[in-house]
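The values are calculated or read from the model by the stated rules, or taken from the named source; none is laboratory data. What you are looking at is a predicted structure, and each value in this text was computed from that prediction instead of being measured. Every residue, glycine among them, receives a Cβ derived from its backbone with ideal geometry; neighbour counts consider all protein chains shown. Heavy atoms of the whole protein, side chains included, go into the accessibility calculation; ligands, DNA and RNA do not. Shrake-Rupley method; radii C 1.70, N 1.55, O 1.52, S 1.80 Å.
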Amino acid sequence: AQSVTQLDSQVPVFEEAPVELRCNYSSSVSVYLFWYVQYPNQGLQLLLKYLSGSTLVKGINGFEAEFNKSQTSFHLRKPSVHISDTAEYFCAVRDSSGSARQLTFGSGTQLTVLP
Amino acid sequence: EPEVTQTPSHQVTQMGQEVILRCVPISNHLYFYWYRQILGQKVEFLVSFYNNEISEKSEIFDDQFSVERPDGSNFTLKIRSTKLEDSAMYFCATKGLAGVGGELFFGEGSRLTVL
């Protein structure tokens, strides 16, 4: 079984400032890692994913994340945020072996970008 | 851009009533999922469905829940006798590709309120 911890439930940040949303996971097997974004009154949209290869993954809207196996982390970063980045962000993991195919989500981080 | 469509967007029902939530997947997708998010809590996996049968289900998905694809297009989640604790946002997700690389596309969710 896997679990995901998002350490910050809310992150306020000023426009054009950098931001990091933290995600740690635990698993007894190899995992694939994902970040989803949920804008108000909308569904979950995939930002980026790590399956294998380079540990630095670039996604949509200027976001990137780095997989750190030793620290079991997959933190999401953006060097300069916009008002439109205000949303809920979810980190998720999926077992890369065995039969489990569903995602396990973290509790989410509400990013609020202030003018 | 193809999208997953869910209806209704919001349903209010009395405890003990049956509820059916509907999902229209992206046309060539073959893997279907239901997740739910109780207000303020994590997004939780309920069930996955492929080739007209359940692939996996969580402990949440008890005998009160059922899924089917009655007409080859809509994918439905039925709650036979709703309880107060079934109040949540229910997300449908679909995937086209087999294996781990396929992205899950989420609908905008159906908010269920049980009174």
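Computing FRET efficiency as 1/(1 + (r/R0)^6) for A:Ser30 and A:Asn68, where r is the C-beta to C-beta distance and R0 is 22 Å, gives about 0.95. Were the residues from B:Ser55 through B:Glu103 laid out at 0.36 nm apart, the gain over their Cα-Cα distance would be 15.5 nm.
Could you work out the local net charge near B:Phe65, counting Lys and Arg as +1, Asp and Glu as -1, over the other residues with Cβ closer than 14 Å to its Cβ? Net charge in that neighbourhood comes out at -4. Rounded to the nearest 20 debye, the dipole magnitude of segment B:5-114 is 200 debye, with +1 charges on Lys and Arg beta carbons, -1 on Asp and Glu beta carbons, and the Cα centre as origin.
Remark on B:Ser87: its backbone amide H falls under 5 Å from those of B:Val114, a criterion applied only to residues 5 or more positions apart or on other chains, H modelled at 1.01 Å from N. Hey, what D do you get for chain A in µm²/s if you plug the Kirkwood alpha-carbon radius into Stokes-Einstein at 37 °C and 0.692 mPa s? Estimated via Stokes-Einstein, D reaches 231 µm²/s. If only the Cβ of Lys and Arg carry +1 and only the Cβ of Asp and Glu carry -1, the dipole of chain A around its Cα centre is close to 420 debye. The mean accessible area for residues of chain B, using a 1.4 Å probe and ignoring ligands and nucleic acids, is 50 Å² per residue. Translational diffusion of the protein assembly as shown, estimated by Stokes-Einstein from the Kirkwood radius over alpha carbon pairs at 4 °C in a medium of 1.567 mPa s, is 71 µm² per second.
Simple spin-label estimate for B:Glu68 and B:Asn28 gives 3.0 nm between the two label positions (7 Å along the Cα-to-Cβ direction from each Cα). Students often get this wrong, so check it: of A:Lys49/B:Lys78; B:Lys57/B:Lys95; A:Lys78/B:Lys42; A:Lys58/A:Lys78; A:Lys78/B:Lys95, which have C-alpha atoms separated by over 20 Å? Too far apart for the 20 Å limit: A:Lys49/B:Lys78; A:Lys78/B:Lys42; A:Lys78/B:Lys95. Plainly put, chain B has a radius of gyration that is 0.95 times its Kirkwood radius, both from alpha-carbon atoms, as the Rg/Rh ratio. For a 4.7 Å threshold on C-beta separation, the list of partnerless cysteines in the protein assembly as shown is empty. Counting Cβ atoms of other protein chains within 10 Å of each Cβ in B:55-66 and taking the mean gives 1.
If R0 equals 22 Å, the separation of the Cβ atoms of A:Ile60 and A:Ile83 corresponds to a calculated FRET efficiency of about 0.85.
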